[in-house]
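Taking it in order: structure first as structure tokens, then the write-up.
The values are calculated or read from the model by the stated rules, or taken from the named source; none is laboratory data. In this text, all values refer to a predicted model and were calculated from it rather than measured experimentally. With ideal geometry, Cβ positions are generated from the backbone for all residues, glycine too; neighbour counts draw on all protein chains shown.
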């Protein structure tokens, strides 16, 4: 599985990187951590003529926390997120999700930008971006633009990025105090892609839920929030009955396919179970994450 | 051995580890040669079809490409790979050509060989070859294969290679008169042995001397040399097979594959050394698969739980060709179905049938894993139906030392059988129960606690090892007093060098430091070796060494007697083997010969050894996700004699984890077009460090084997054998309130979840019927 | 493409094809064949080396991406004379059989213990879950790493207890 031939460049500025991508008219690909791209090349599923390495671009590896929210530069790696303890309180949902990503070695290389651009519907960060209604800042030869996550992710493995465009930044809206949240993922093994995952949060006023954001990972044809489940939660007191209703609604909103890992029925049932557990965890404590029943 | 052993029985640190830990192992891809060329293989992406045309022009035009070979370069006689194990004309009808000739029969079958200046260029060239294949219908279901509507070999008129039968007593009569009979259908999935090092070959041809040297891991180097000599029309002594370090074997490395011919062929044609290293994607398609079998098995019991008969029919998926060691697994399924139990009447037929998939052959505990799964499931079901405790039912039927030796079923059509050697199989049952704490812990069985169902499984097995007919060793007492050991066994990562050094040192009565080195496997180190498979290396190689020690001492005495002018019996050899004396004269052994003194030994064996044991598992099941967790796993095994408890323990644990992988994680999945859907390690899930953290293995030396001077029983495979049955029984135990009965592996979360759903629906329908009939009566 | 890096403390200048992976560069250009290639798609971990102290899969990196970096391989774990404490612990606990996954295991464990010398078993298992072994079943590997912790802890505190 030796890699196919390609040219390689490691430009020093964002402008140069964009110019290289534009000049190759869709036949060049950016490379960040390479944790998704190199295997694709090794299986010869893609044959770009040029790889544009983003590793020298300045200023893309910053994590900033402010009243506006959390901003992650495209070259921020999973290990950087893990190491930044501000995120435990600034965005606990992000922290919880990132803890489930891949393995130790991959976490030292894999990046925010790479994950968003790859747009695997079973990956954690695209799911968090979608659930949180995040914004993704993009740079291209036509300049810079900002897209809502829902407009960025078009389909599994497909984004709104043009051939000359790069993800520059992920902006997560500010996390409100007292927010209830949960992240529940079920994967076959530690670090594997989720068979299904639920990321959610809601705010509370006088014991009543509002502003519910519920997103699904891995068990649907694409990334989306579960609007009907959110509607079942909003303006209600989140008790067992509400949880059961919301779980049923959510399970009805996903459209998984049958594949070699699991049937559609199974994934739908899994969504129901995880949604139940996530809402249960969110409503009874300050929030938390659990994956895969590890001892 | 006359002295109390110093090394045997001790967890001696391994000699091999020094190079492995410092990155100085020499695996085949680490070997460098000047002028080396690299090979890559174009493999079929069609499962079944006629090859209409192969266009290599674009490939040949790539700079750095030296040659592209196809069947045309070997015609008219494209060599075929013969059957190694229990050859038979029936099997020979379906053997594999070394390169696809006219037809392809599985995705992954070699169609062309490229040789180039680098592996990357060779792979580029493979991508540039155009092949035109006229697709044929694909045989994927075993029943379709058996029915023969579509044939892989038109000229043979069938897809069925052979039916093997394990037979003992009168099964028809026993079933008729049994108080209780129960029949079920089972299925074990296709798996991959998946050693961490893929296959690889380095072939060097010396035109001047017309000699071929081939390096790469081979478990049966002498057999390989024999095949290569025949297929390449060379005398055997013109071929040297060199064994280097090996990244695991587990049965799939070392059998003769197409590449074992193609690479040496290319080296000879091009008069350049040629290296081929399999990549992992290829490995999943091209290295033998294993275990795929469907089976119907029936158990017959007396009312008191005595098992009187087992009767079954299995259909084994051989894949597209009959491989050299393909017959072993189906044969073991047939012969070992009764396992460690006293079951006087057995008839198990297993038919090997072809499909358009990668060929299958032996993988650790071949056939035994599958047949244990079938039988242990039925034993648990019978126990439940008869209202007898499943541990007690096993205890009543397990062979005891009074039964030894106990005859195994005869294997037809070969007419071979065998017998168990020694042991009391209740001993490991009791030990395992005690170690686990069965009585106390199983109070949780079937209970739902904090959302998890708890279940417990138990299973018993025997492992056949130390297969004959013989093995050879050679010892050389060097002039500096060190001893070189040469043995015909092959290293496959099992610590062979250390084990042999321990045995040699104890047999010679010298410190291990005086063992200068242990040389193994290569055809140049010894005149004949039978290799490492069926857990035979320690017993066979070790016993050969013991024989060689006796012969070495005799050789020393003989040489001294010549020089002293006396009889050998009059020569005194010092305990440290350094001096000889007779009639008042003394000489150092070094003085006896300028080149050292050598002797060869052979150990002949027609009786296999049978290590035996019991495993217990505690599992939990999350009904919401189908998640199965192995909370605790304990094994107890009697191996007769432990040579190195450190290496053995590590092997047993490794075997258990392989078994747990087969039981819960691993499967090779094909679609109806014969395409392998699990084509990478992202799809084929392998046990990792977080999956099974709580495993314990206890090894006993209760009943030495009378078959060899070490008293050891081959012990490399026992750990894997019962795992499927144990886990499946544990799942049934956990879900007993729902009457869930697993009959298929692997027990993945979707499968477990589906079984629970089906059980709940069944229960609901039953309730509805009961309610309706009550209402009707009311 | 020209590149410069430091490998096991030694400065290396090389001119490599862009598509050459770091794993193949180490093995074939530098002759450091201790780093093994098991899958070439980033799952098995046999190719693990450290890059600026962090464990990475060298099959998922281009050699040119290591330009300017410091790389350590299994050959750099001990000074050649004696086994490092981690290596010795592996040997003592029979944490290897065929040895093919071993260099990757050692480099991952080493990288972890340098930064987390007090890692508990669950953390060790979690980190090692990215390195596959087919021979040992992991039990002895984890025990070896647990024992080796002492060497890293005391080394960091300068040998004082």
(request) From (1) in a loop (DSSP other than H, G, I, E, B); (2) in contact (Cβ under 8 Å) with a residue 12 or more places away in the chain, pick out the condition that doesn't hold for residue C:75. (result) (1)
(request) Please note which helices (runs of 4 or more DSSP H) are completely contained in the range B:139-254 and include at least 1 residues that are within 28 Å of residue B:94 (Cα to Cα). (result) B:142-147, B:221-232
(request) Taking the residues in the range A:165-194 that are within 14 Å of another protein chain (Cβ to nearest Cβ) and farther than 16 Å from residue A:281 by Cβ as candidates, determine which candidate is surrounded by the most Cβ atoms within 10 Å (Cβ to Cβ). (result) A:194
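For every residue, the table says whether it meets (1) over 10 Å from the mean Cα position of the chain (by Cα); (2) within 27 Å of residue C:51 (Cβ to Cβ); (3) buried (at least 20 other Cβ atoms within 10 Å of the Cβ).
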{"position": "A:98", "(1), (2), (3)": "no, yes, yes"}
{"position": "A:102", "(1), (2), (3)": "yes, yes, yes"}
{"position": "A:108", "(1), (2), (3)": "yes, yes, yes"}
{"position": "A:115", "(1), (2), (3)": "no, yes, yes"}
{"position": "A:132", "(1), (2), (3)": "no, no, yes"}
{"position": "A:136", "(1), (2), (3)": "yes, no, yes"}
{"position": "A:142", "(1), (2), (3)": "yes, no, no"}
{"position": "A:151", "(1), (2), (3)": "yes, no, no"}
(request) Go through the residues of the range B:73-82 one by one and say whether even a single one is buried (at least 21 other Cβ atoms within 10 Å of the Cβ), under 30 Å from residue C:99 (Cβ atoms) and modelled with pLDDT under 95. (result) no
(request) Please name all residue pairs, on different chains or six or more residues apart, with Cβ atoms under 7 Å, provided the first residue is in the range A:186-213 and is at positive phi and the second residue is in a loop (DSSP other than H, G, I, E, B). (result) A:191/A:102; A:191/A:103; A:191/C:129; A:191/C:130; A:207/A:237
(request) Restricting attention to the range B:740-773, report how many residues are farther than 20 Å from residue B:193 by Cβ, more than 14 Å from every other protein chain (Cβ to nearest Cβ) and in contact with a helix residue (DSSP H, G or I) (Cβ under 6 Å, 6 or more places away or on another chain). (result) 4
(message) Only one of A:97, A:117, A:122 is part of a helix (DSSP H, G or I), farther than 19 Å from residue A:282 by Cα, in contact (Cβ under 8 Å) with a residue 60 or more places away in the chain and more than 14 Å from chain C (Cβ to nearest Cβ). Can you tell me which?
(response) A:117
(message) Looking at B:463, B:435, B:471, can you tell me which residue is closer than 18 Å to residue B:634 by Cα and in contact with a helix residue (DSSP H, G or I) (Cβ under 7 Å, 6 or more places away or on another chain)?
(response) B:463
(message) For a quick check of your reading: which strands (runs of 3 or more DSSP E) sit entirely within the range C:1-70 and have at least 1 residues that are more than 26 Å from residue A:11 (Cα to Cα) and more than 10 Å from every other protein chain (Cβ to nearest Cβ)?
(response) C:10-15
(request) Please specify each residue of the range B:5-43 satisfying the condition of being out of contact with any helix residue (DSSP H, G or I) (no Cβ under 9 Å at 6 or more places or on another chain) and part of a loop (DSSP other than H, G, I, E, B). (result) B:31, B:33, B:34, B:35, B:36
(message) Here's a check for you: in the range B:606-625, which residue that is out of contact with any strand residue (DSSP E or B) (no Cβ under 7 Å at 6 or more places or on another chain) and modelled with pLDDT under 90 is surrounded by the fewest Cβ atoms within 10 Å (Cβ to Cβ)?
(response) B:606
(message) Taking the criterion of being within 12 Å of chain B (Cβ to nearest Cβ), modelled with pLDDT under 95 and touching a helix residue (DSSP H, G or I) at 6+ places or on another chain (Cβ under 7 Å), would at least one residue in the range C:76-84 satisfy it?
(response) yes
(request) Quick one: count up the residues across the range B:449-472 that are touching a strand residue (DSSP E or B) at 6+ places or on another chain (Cβ under 8 Å) and either without any contact (Cβ under 8 Å) to a residue 24 or more places away in the chain or over 30 Å from residue B:163 (Cβ atoms) (or both). (result) 11
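Yes or no, residue by residue, for (1) touching a helix residue (DSSP H, G or I) at 6+ places or on another chain (Cβ under 7 Å); (2) within 14 Å of chain C (Cβ to nearest Cβ):
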| site | (1), (2) |
| --- | --- |
| B:670 | no, no |
| B:678 | no, yes |
| B:683 | no, yes |
| B:686 | yes, yes |
| B:709 | yes, no |
(message) Considering only residues that are outside any strand (DSSP E or B) and surrounded by fewer than 20 Cβ atoms within 10 Å (Cβ to Cβ), which ones fall in the range A:49-79?
(response) A:49, A:55, A:56, A:58, A:59, A:61, A:62, A:67, A:68, A:79
(message) Being closer than 29 Å to residue B:552 by Cβ, more than 9 Å from chain C (Cβ to nearest Cβ), modelled with pLDDT under 95 and out of contact with any strand residue (DSSP E or B) (no Cβ under 6 Å at 6 or more places or on another chain) is true for just one of B:3, B:14. Which residue is that?
(response) B:3
(message) Looking at B:494, B:502, can you tell me which residue is touching a residue at least 12 places away in the same chain (Cβ under 8 Å), closer than 21 Å to residue C:99 by Cα and in a helix (DSSP H, G or I)?
(response) B:502
(request) Considering (1) in contact (Cβ under 8 Å) with a residue 12 or more places away in the chain; (2) closer than 28 Å to residue A:103 by Cβ; (3) in a loop (DSSP other than H, G, I, E, B), say which one residue A:259 fails and leave the rest. (result) (1)
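The rows are residues; the columns are (1) surrounded by fewer than 22 Cβ atoms within 10 Å (Cβ to Cβ); (2) in contact (Cβ under 8 Å) with a residue 60 or more places away in the chain.
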position	(1), (2)
B:90	yes, yes
B:100	no, no
B:129	yes, yes
B:134	yes, yes
B:137	yes, yes
B:146	yes, yes
B:162	no, yes
B:173	yes, yes
B:180	yes, yes
(request) Name the single residue, out of those in the range B:626-641 being buried (at least 24 other Cβ atoms within 10 Å of the Cβ) and assigned to a loop (DSSP other than H, G, I, E, B), that is farthest from the other protein chains (Cβ to nearest Cβ). (result) B:640
(request) Could you tell me whether any residue of the range B:102-120 is surrounded by fewer than 19 Cβ atoms within 10 Å (Cβ to Cβ), more than 14 Å from chain A (Cβ to nearest Cβ) and assigned to a loop (DSSP other than H, G, I, E, B)? (result) yes
(request) Inspect all residues belonging to the range A:7-18 and state whether any of them is touching a residue at least 40 places away in the same chain (Cβ under 8 Å), away from chain C (no Cβ under 11 Å) and within 18 Å of residue C:61 (Cα to Cα). (result) yes
(request) State all residues of the range A:157-169 that are under 13 Å from the mean Cα position of the chain (by Cα) and assigned to a loop (DSSP other than H, G, I, E, B); if no residue qualifies, say none. (result) A:157
(message) Of the conditions (1) within 14 Å of chain C (Cβ to nearest Cβ); (2) assigned to a strand (DSSP E or B), residue A:154 satisfies every one except a single condition; which number is it?
(response) (1)
